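Just below is one structure, and these are the notes that go with it.
The values are calculated or read from the model by the stated rules, or taken from the named source; none is laboratory data. Given the structure is predicted, the values throughout are model-derived calculations rather than measurements. Backbone-built Cβ (ideal geometry, glycine too); neighbour counts: all protein chains shown.
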Amino acid sequence: MWFAVRPLQRAVEVLQTYVTALQAVQPDAVVKTHKISIATVPDGSEEDSGFDLPVKGVVLDVFVDVTTAEVTGTTKLLDVGLDSGEAGGDANGFLTGIDCASLGLQKGTLLNSGQTLGALLAVDEGGTGELVPEPHVLNGTAVSVTYTASAADWAEFVGDIYVVYIEM
């Protein structure tokens with residue numbers, strides 16, 4: 001069981017270290033959560049959520065709350081990231097292939113059998129291929145949060161994206 005617990009413990013340690021270090025440098029830094037409501041069914045193209053992250057800050061995590069599950073679409077997966085048209089943007093940089101066929105809160109994972117945590121929130125620890133969570137540092141280039149449905153034939157999906165971040 002240790003092998004399954006170790007990455008999670010490491011992730012918690014990494015996040016705690018980042019938050020502690022940031023608060024030491026910027027004592028008034030506060031962890032914020034922004035809710036992005038998706039009320040219209042995504043059309044399969046990268047869509048701007050209307051929320052821009054701060055120019056200077058750190059994204060700690062991103063979640064999707066599926067409030068109406070997608071039934072009709074041929075594939076029912078959602079990506080969340082930063083606008084690929086912006087310098088440094090990655091349309092699935094936060095979450096990649098989140099299942100929207102079931103109700104409830106969905107999080108990114110680093111499981112080998114189904115990694116859904118995007119490249120902007122993970123790093124290869126020691127070059128071994130073992131990914132661990134790592135916050136994404138904002139540098140003012142890509143700031144527009146986007147989402148992309150895996151197919152253009154979605155009909156029912158409704159949900160919310162939660163972005164957990166620290167603004168500096």
query = Is segment 95-112 home to any residue that is farther than 19 Å from Val64 by Cβ, among the hydrophobic types (A, V, I, L, M, F, W, C) and touching a strand residue (DSSP E or B) at 6+ places or on another chain (Cβ under 7 Å)?
reply = no
request  = Please specify each residue of segment 73-107 satisfying the condition of being part of a loop (DSSP other than H, G, I, E, B) and over 15 Å from Gly159 (Cβ atoms).
outcome  = Thr74, Thr75, Asp83, Ser84, Gly85, Glu86, Ala87, Gly88, Gly89
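Could you say which residue among Thr33, Thr20, Thr40 is polar (S, T, N, Q), in a strand (DSSP E or B) and loosely packed, with under 15 Cβ neighbours inside 10 Å?
On the way: Thr20 fails: in a strand (DSSP E or B); Thr40 fails: in a strand (DSSP E or B).
That would be Thr33, the only listed residue that is polar (S, T, N, Q), in a strand (DSSP E or B) and loosely packed, with under 15 Cβ neighbours inside 10 Å.
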message = Give me the residue from segment 45-59 that is surrounded by 15 or more Cβ atoms within 10 Å (Cβ to Cβ) and modelled with pLDDT under 95 and, out of that set, farthest from Ser102 (Cα to Cα).
response = Gly57
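Looking at segment 99-115, can you tell me whether even one residue there is of a type in the set (Ser, Thr, Tyr), more than 12 Å from the chain's Cα centre (by Cα) and surrounded by 14 or more Cβ atoms within 10 Å (Cβ to Cβ)?
Narrowing segment 99-115 to residues of a type in the set (Ser, Thr, Tyr): 102, 109, 113.
If we keep only those that are more than 12 Å from the chain's Cα centre (by Cα) too, we end up with 102, 113.
Next, from what is left, pick out any that are surrounded by 14 or more Cβ atoms within 10 Å (Cβ to Cβ): none.
No: zero hits.
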ask   = Is segment 123-136 home to any residue that is modelled with pLDDT of 95 or more and either not in a loop (DSSP other than H, G, I, E, B) or not polar (S, T, N, Q) (or both)?
value = yes
